[in-house]
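Report on the structure given below.
The values are calculated or read from the model by the stated rules, or taken from the named source; none is laboratory data. Given the structure is predicted, the values throughout are model-derived calculations rather than measurements. Virtual Cβ from ideal backbone geometry, glycine too; neighbours counted across all protein chains shown. In case anyone asks, the SASA skips ligands and DNA or RNA and just uses the protein heavy atoms, side chains included. Shrake-Rupley method; radii C 1.70, N 1.55, O 1.52, S 1.80 Å.
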Amino acid sequence: MTTQVVSANRLDNGRVVYLAPSGQWIGALSEAEVAHDASAAESLLNRAATAIIDRLIVGPYLFSVTAATGRPQAERLREQIRATGPTVAPAHHDWAA
């Protein structure tokens, strides 16, 4: 089992969020709660299910991270991009205005 965190999107604005140890949904991957085994990963998903019912998030899922620096870092490029934001300049987006 690899170390994992849970990510989702906020229901109200679509932003990428991560479940923190406090139970809050935060925008910083570096502050996300890390599951080190299958039981902890299941617990994260169960807590995410509650947030779906409360209409806070949509689409939660687990993904693998490394914690070599003491803080979680995404292993896959997709999650690295989600953690750092769009790959094009904001001027090229309609939402930048």
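Structure notes:
- Every pair of residues 6+ apart whose Cβ atoms lie under 9 Å, when the first sits in the range 54-78 and is surrounded by 10 or more Cβ atoms within 10 Å (Cβ to Cβ) and hydroxyl-bearing (Ser, Thr, Tyr) while the second is at pLDDT below 95 and part of a loop (DSSP other than H, G, I, E, B): Ser64/Thr2; Ser64/Thr3; Ser64/Glu75; Ser64/Arg76; Thr66/Thr2; Thr66/Thr3; Thr66/Pro72; Thr66/Glu75
- For the range 19-49, a tally of residues being touching a helix residue (DSSP H, G or I) at 6+ places or on another chain (Cβ under 6 Å) and in a helix (DSSP H, G or I) returns 1.
- Those residues of the range 24-76 which are at positive phi, at pLDDT 95 or above and small (Gly, Ala, Ser), in sequence order: Gly59
- If the condition is being out of contact with any Pro (no Cβ under 8 Å at 6 or more places or on another chain) and not small (Gly, Ala, Ser), then the range 1-18 contributes Met1, Thr2, Gln4, Asn9, Arg10, Leu11, Asp12, Asn13, Arg15, Val16, Val17, Tyr18.
- Residues that are of a type in the set (Val, Ile, Thr) and under 22 Å from Gly14 (Cβ atoms) were ranked within the range 31-53; the one that is most open to solvent (accessible area, probe 1.4 Å) is Ile53.
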